[in-house]
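The values are calculated or read from the model by the stated rules, or taken from the named source; none is laboratory data. Everything numeric here is computed off the predicted structure, so don't read it as measured data. Cβ sites come from the backbone with ideal geometry, for glycine too, and all protein chains shown count toward neighbours.
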Amino acid sequence: MSAYGLHRVVAPVGVLPQQADRLDADPTLRPDEVIVDVERLNLDAASFRQLREAHGTGPAIRDAVVKIIEERGKMHNPVTGSGGMLLGTVREVGQESSLGLTPGDRIATLVSLTLTPLRITDGLADWDGAGEQVPCAGTAVLFGRSIAAVLPDDIPDHLALSVLDVCGAPALTDRVVRRDGTPSVLVIGGGGKSGSLSLAAARRAGASRLVALVPTESEAQALRDAGLADEIVIADARDPVAVSKAVGGQVNVTVVCVDVPGCEHGAVLATADGGTIVFFSMATSFQAAALGAEGLAADVEMIIGNGYVPGHAAYALDLIRTEPGVRELFEARERQTART
């Protein structure tokens with residue numbers, strides 16, 4: 001038995017669960033595992049966008065997600081390579097588990113669905129395919145080295161799930177901004193979940209100039225109303241020249257929070273030599289980022305946001321409690337999803 005879940009890998013043998021083609025999702029408890037009764041999945045933005053573009057909404061997208069889970073024993077989008085996270089109630093805790101959970105705890109997992117053994121028992125019958133949050137019934141398995149957060153009492157479950165899904169982004173933004181002093185900061189995709197939290201984190205950490213780049217006037221107006229940035233510019237993040245022109249003077253730190261591919265070179269052009277780019281998007285091509293920076297002779301440090309920073313869950317939940325503009329953006333996003 002392995003704290004990393006190697007014993008749950010069906011194929012190919014010898015790889016970690018995230019790399020596996022298929023996991024064993026049998027909810028029989030092992031000594032250091034936790035079994036969770038799943039209530040809701042939260043698909044990551046890049047995965048949901050790809051599934052929606054490929055299948056639309058309704059039964060087609062629902063069937064596609066069910067098929068992935070049944071074939072792989074986990075929610076691991078084969079196109080984007082990403083998954084999401086889940087909400088549920090702890091059913092059983094192994095006697096050797098070190099996660100500090102007890103039966104009955106309502107939790108959100110802070111590890112990707114791409115490495116979480118998952119079994120769905122209701123065919124996602126209550127999901128209309130219109131939004132990233134997927135009501136469901138089933139079970140999931142957490143390992144000895146998994147991470148989970150007990151859901152807070154003062155924040156609705158659906159909102160807490162949305163925040164915890166991207167809680168690594170603001171925590172890493174805070175770390176980088178504080179490390180670099182009082183840098184100028186650009187958040188590409190500032191109107192989204194991770195983007196708005198990253199803007200609030202950069203402000204709190206002391207950014208000297210805070211720029212948000214969004215694709216539409218409606219997102220720009222929402223950010224103006226929220227008061228999260230000093231400057232809000234509109235451009236297609238996939239157009240490097242347009243991004244550079246919109247931002248104007250280069251910034252010291254760029255945080256990429258978009259759910260579409262092709263935004264790497266714009267981030268490089270917008271960042272000054274000696275600066276830092278944080279790629280917090282599963283749509284990022286890290287080959288394009290590295291080779292693009294080389295081709296532009298750009299002396300920039302590039303960081304992959306891996307979703308984990310110690311204390312990231314508590315930090316993000318504190319932002320949603322104390323930053324009214326951020327909370328309004330999250331709630332407006334949910335209202336929009338409910339209408340579509």
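If I ask for residues that are among the hydrophobic types (A, V, I, L, M, F, W, C) and either assigned by TED's automatic domain parsing to the domain that holds Arg145 or buried (at least 20 other Cβ atoms within 10 Å of the Cβ) (or both), which ones from the range 270-297 would you list?
Passing the criteria: Ala270, Ile277, Val278, Phe279, Phe280, Met282, Ala283, Ala289, Ala293.
When you go through Gly81, Gly129 one by one, which is the residue that is more than 24 Å from Thr28 (Cβ to Cβ), in contact with a Pro (Cβ under 9 Å, 6 or more places away or on another chain) and in contact (Cβ under 8 Å) with a residue 12 or more places away in the chain?
Gly129
Do we find that Arg175 is surrounded by fewer than 24 Cβ atoms within 10 Å (Cβ to Cβ), assigned by TED's automatic domain parsing to the domain that holds Thr271, closer than 27 Å to Leu296 by Cβ and not acidic (Asp, Glu) in this structure?
Values: surrounded by fewer than 24 Cβ atoms within 10 Å (Cβ to Cβ): yes; assigned by TED's automatic domain parsing to the domain that holds Thr271: yes; closer than 27 Å to Leu296 by Cβ: yes; not acidic (Asp, Glu): yes.
Yes: the conditions hold for Arg175.
Could you please find all residues in the range 315-325 being in contact (Cβ under 8 Å) with a residue 60 or more places away in the chain and within 12 Å of Pro170 (Cα to Cα)?
Passing the criteria: Tyr315, Ala316, Leu317, Leu319, Ile320.
Of the residues Ala25, Ala20, which is of a type in the set (A, V, I, L, M, F, W, C), farther than 14 Å from Gly138 by Cβ and either assigned by TED's automatic domain parsing to the domain that holds Thr116 or crowded, with 21+ Cβ neighbours inside 10 Å (or both)?
Ala20
Scan the range 29-41 and tell me whether some residue there is in a loop (DSSP other than H, G, I, E, B) and in contact with a helix residue (DSSP H, G or I) (Cβ under 6 Å, 6 or more places away or on another chain).
Checked against the condition, which is being in a loop (DSSP other than H, G, I, E, B) and in contact with a helix residue (DSSP H, G or I) (Cβ under 6 Å, 6 or more places away or on another chain), the range 29-41 yields no hits at all.
Filter the range 190-211 for residues that are in contact with a Leu (Cβ under 7 Å, 6 or more places away or on another chain) and within 26 Å of Pro310 (Cα to Cα) and give the result.
If we filter the range 190-211 for residues that are in contact with a Leu (Cβ under 7 Å, 6 or more places away or on another chain), which is where we start, we get 190-191, 196-197, 199-203, 210-211.
Passing the criteria: Gly190, Gly191, Ser196, Leu197, Leu199, Ala200, Ala201, Ala202, Arg203, Leu210.
Select from the range 202-255 the residues that are under 19 Å from Gly192 (Cα atoms), of a type in the set (Val, Ile, Thr) and part of a strand (DSSP E or B) and list them in ascending order.
Val211, Val214, Ile232, Val233, Ile234, Val253, Thr254, Val255
Would you point out which residue out of Gly206, Gly189 is on the phi > 0 side of the Ramachandran plot, over 18 Å from the mean Cα position of the chain (by Cα) and not assigned by TED's automatic domain parsing to the domain that holds Leu99?
Gly206
With the condition kept exactly as written, say whether any residue in the range 108-121 is in a loop (DSSP other than H, G, I, E, B) and under 12 Å from Glu39 (Cα atoms).
yes
I need a count of the residues in the range 130-144 that are of a type in the set (D, E, K, R) and either surrounded by 24 or more Cβ atoms within 10 Å (Cβ to Cβ) or outside any loop (DSSP other than H, G, I, E, B) (or both). Reasoning before the result, please.
Taking the range 130-144 as the starting set, the residues that turn out to be of a type in the set (D, E, K, R) are 132.
Within this subset, residues satisfying the condition of being either surrounded by 24 or more Cβ atoms within 10 Å (Cβ to Cβ) or outside any loop (DSSP other than H, G, I, E, B) (or both) are none.
So the answer is 0.
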